[in-house]
Amino acid sequence: KIVAVLEDREISSSLSAVEHSVALSFRRDFEKSGIHLTKDVHSRFVVLSSEINNWSNEFLRPARKHSHHTGVPCRPHTSPSYITVPLDSLRGLAPAVLSAMLQQYHHRHRVQRNPALQGQQVIKLPVNDFTAHYILRDCTEDSVREQVYRLFRGGSDYRVQALEEVLRRRRQLARLVGYRSFAAMALHDKMLRKPEHVDGFLRTLAHQVRPNWQRLVHQMRSEKRALVLRQPRGGDSDEATSLTPLWGWDQDYLMARLTAGARDV
């Protein structure tokens with residue numbers, strides 16, 4: 001009925017600007033739901049929408065051998081969710097934070113002595129939001145931060161598969177209702193309208209913030225070089241500083257040091 005009203009010039013011309021805008025909005029929403037499609041095509045639309053929802057839930061779900069939601073087996077994620085490190089390698093963590101880690105996991109992961117590490121005390125520490133946040137930000141040991149970063153930020157096969165299934169079905173859904181991509185479908189009634197406009201906006205924004213980001217990267221490189229060489233920051237040439245590698249597990253730690261230094265000043 002909304003389509004009939006909008007396509008009838010006599011009725012449409014009698015609508016106020018607000019009424020016409022609301023009617024258009026309703027029409028777009030209904031068409032996004034596939035209401036204008038034929039019965040067979042609409043049935044396919046409903047199936048794809050359901051599969052997108054199921055695979056999206058699968059992406060967020062813990063790994064399992066089979067999901068009754070999608071009916072498709074997902075490869076289980078077999079990587080361990082913990083690291084085993086010497087207790088003294090957790091230097092830099094606040095005593096209260098380290099105590100909380102030990103107390104929280106004491107009933108499952110006791111601190112033990114490892115003969116292979118000259119009898120050092122080791123801890124089997126689960127990697128989750130809490131431990132990752134503090135270790136990546138405060139731990140002075142590069143190797144521990146690297147282990148936590150790779151385990152916490154790394155993608156698993158089953159999640160990559162689920163994400164690919166979501167993207168594939170989104171593309172099929174968009175094509176089904178007449179759009180060239182899911183992005184074009186999602187942006188059709190938004191302010192920027194087209195994916196090209198979004199891309200242009202993001203590139204412009206990136207160009208504007210690039211100088212600030214480059215200065216920040218230089219500061220982080222300088223801070224890391226000072227830590228490695230154990231000398232005051234800023235003592236090297238720009239060329240030497242630019243050659244200092246930055247890894248993903250360096251960013252939170254170096255940013256925290258720079259922020260703390262700025263507060264001290």
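What follows draws every value from the coordinates through simple rules; no lab data is involved. Since we're looking at a predicted model, the values are computed, not measured. Ideal geometry is used to build each Cβ from the backbone, glycine not excepted, and the neighbour counts take in all protein chains shown.
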_Relative contact order (percent, whole number), the range 117-213, Cα cutoff 8 Å, 6+ residue spacing_ = 12 percent
*Under a plain spin-label model, where a point goes 7 Å from the Cα along Cα-to-Cβ, how far apart in nm are Leu163 and Ser16?*
4.8 nm
_Rounded, prolate or oblate, given the Cα gyration tensor of the range 137-202, with a/c below 1.5 counting as rounded?_
oblate
*How far is it, in nm, from the label point at Asp88 to the one at Ala256 when both lie 7 Å from their Cα along the line to the Cβ?*
2.1 nm
*If the chain between Arg9 and Ser181 were fully stretched, how many nm would it gain, using 0.36 nm times the residue separation less the Cα-Cα distance?*
58.8 nm
*Please turn the phi angles of the range 250-261 into ³J(HN,Hα) values with the Karplus equation 6.51 cos²θ - 1.76 cosθ + 1.60 (θ = phi - 60°), one per residue in order, whole Hz, x for glycine and proline.*
8, 4, 4, 5, 5, 4, 5, 5, 5, 5, 5, x
_Förster radius 22 Å - calculated FRET efficiency between Phe130 and Arg150, Cβ distance, rounded to 0.05_ = 0.80
